[in-house]
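Single-structure report; data block below.
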Amino acid sequence: MAINAQELAWFVANYTAVTGKAVQRFVCPITLRDDENAELSNGHVLNAALHTASRKTVIQRKDVDGYFGRTIEPLLIDLLNLPMTTPQELLRRVRNWQLTTPQGEQVELFFSDRRAQQRFQQAGVFDGNRNLVATPFLRDPKLIPSDIQPMQVSGSTFVPDGVIEGCLLKSAYLALFQRLGYSFVFNPLSSDVRVALAKFYQDGATPAEARDYFQAFNGCWSVVTTDESIPNTLEDGAVLVHTTGENASESFQFAISCLFRINGKLISVALPSCLPPTPYSEALERYQAYLRDQTISQKTQLVPLAAVDSN
C-alpha cells in the first residue's frame, strides 16, 4: 500500500511546528530517527493478523514496525485469537499437549513423521463432531485395549512476561501519535513509553527479554467489557481520561487509556496522561500507583480525542 503523501506531509509539518527543526523524510515516533533512505510503511496500529480488530494504519518506519511484528506480536496474536481458532489451528499453536488416561495418568503427546510409528503408539484426536483432526504420538506408556475410549486431551501456551504489555503499549502509543502528532511524542509523560519501545528495538531484544523492557508497565491493560455500544479509540476517536478523585479544584489527570476492540472484547491500555494541564511528577507518581492497583480512587471520563488539543 502506497504511503499517503498528504498524511506524510502533515507529520513533517507537525514535527517542524513542534520542534522548530526541518525533516529529511520522516521522524520515527519511537526511535526519533530521521533517515532520508528509511523505508516507510502504513503499519497497522493493531496487528492485521488479529481475527477481528480495526485495520487503521499510521505511517511508520518499516524496520521498526516489522521488528515488533516478528518478535513479540505473534505471541499476542496467538493468545488473543485462541477463542476463535479451529482445533487444527490449536494443535499447531499450543504446546505441552497431554492425554489423561482413565486411571488419571497424564501422558505426553508429540507430533512426528511416520518413523515414530516403530517406537511409539499413535492416538487419534477428534473434534466435537467426531472428525479426526490430528494423530499425535504417545511418549509413554502405551495404552492397552481396555483403555481405548474417549479421553481428555489438554495443552498449554506460554507468553513471556512483558510481551502483552509491550505489544499493547506500542498500539496505544501509535494510536495517540496518529491523533496528536509529535506534541504527544515529545511530551515528557510519554517519554518512558517511547524509550522502552525504542530500546527493545535497538537492543534487538527477544520475547524472553521483554520483561526487562516493559515490566514497569505491568498492570497497564485490562479487558473492560464486551459491550459493542461503547466507542473505541481507532474507530471512534474515544479515550478514557483518568483523574484523581480528590477535591475538584485540586484534581488532575494522571492517565489516558486507549480502548481497542479486539475479537469482541474491549481492551483498555493506559499510558501516562499527555493532556494539558497535567503536573508531571504528580501525574507520573499517580500513574505508577494505578498500575499497582487499578481500584485506587479516581474518576474516569470518556472523551472524544478529536476534541483534544495537546499543544
**Request:** Pop out the ³J(HN,Hα) list for the stretch 27-32 in order, Karplus 6.51 cos²θ - 1.76 cosθ + 1.60 with θ = phi - 60°, rounded to Hz; leave Gly and Pro as x.
**Result:** 8, 4, x, 9, 8, 6
**Message:** Given axes a ≥ b ≥ c from the Cα gyration tensor, I'd like to know whether the stretch 152-240 is rounded (a/c under 1.5), prolate (a/b larger than b/c) or oblate.
**Reply:** oblate
**Request:** Under a cut-off of 21 Å between alpha-carbon atoms, report the lysines in cross-link reach of Lys56, not counting same-chain residues fewer than 8 places apart.
**Result:** Lys170, Lys265
**Cα-centre dipole for the chain with unit charges at Cβ (Lys and Arg positive, Asp and Glu negative), debye to 20** = 740 debye
**Carbon + sulfur, % of accessible area of the stretch 1-128 - ligands and nucleic acids excluded, 1.4 Å** = 48 percent
**Complete:** Averaged per residue, the 1.4 Å probe accessible area of the chain, protein heavy atoms only, in Å², is roughly 51 Å²
**Asked** Among (i) 6, 25, 33, 23, 10, 2, 0; (ii) 5, 23, 28, 19, 12, 8, 3, 0; (iii) 6, 27, 36, 24, 7, 0, which is the computed P(r) over Cα pairs in 10 Å bins from 0, in percent?
**Response** (ii)
**Prompt:** In the chain, with Lys and Arg counted as +1 and Asp and Glu as -1 at Cβ, which of these residues, Ala17, Gln298, Ile262, has the Cα nearest the positive end of the dipole, that is, farthest along it?
**Reply:** Ile262
**Message:** Restricting to DSSP H runs of at least four residues, report the calculated mean residue ellipticity at 222 nm for the chain, -39500 (n - 2.57) per run over all residues, nearest 500 deg cm²/dmol.
**Reply:** -9000 deg cm²/dmol
**Message:** To test your reading of the geometry: what angle, between 0 and 90 degrees and rounded to tens, separates the Cα axis of helix 280-292 from the longest principal axis of the chain?
**Reply:** 20 degrees
**Prompt:** Round to a whole number: what % of the accessible area of the stretch 217-273 belongs to carbon and sulfur, probe 1.4 Å?
**Reply:** 49 percent
**Asked** How do the peptides 259-272, 225-238, 207-220 rank, highest first, by the average count of neighbouring beta carbon atoms within 10 Å per residue?
**Response** 259-272, 207-220, 225-238
**Asked** Could you give the dipole magnitude of the stretch 227-273 about its Cα centre, charging the beta-carbon of Lys and Arg +1 and that of Asp and Glu -1, in debye to the nearest 20?
**Response** 160 debye
**Prompt:** Roughly how much of Thr135 is accessible, in Å² to the nearest 10, using a 1.4 Å probe?
**Reply:** 60 Å²
**Message:** Could you identify which residue out of Leu40, Leu138, Leu275 has the top mean-square fluctuation in a GNM of the chain using Cα springs shorter than 10 Å?
**Reply:** Leu138
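The values are calculated or read from the model by the stated rules, or taken from the named source; none is laboratory data. As the structure is a computational prediction, the values presented were derived from the model and not from experiment. As a convention, Cβ positions derive from the backbone with ideal geometry for all residues, glycine included, and neighbour counts pool all protein chains shown. To get the accessible areas, we keep the full protein, side chains included, count just its heavy atoms, and leave off ligands, DNA and RNA. Shrake-Rupley method; radii C 1.70, N 1.55, O 1.52, S 1.80 Å.
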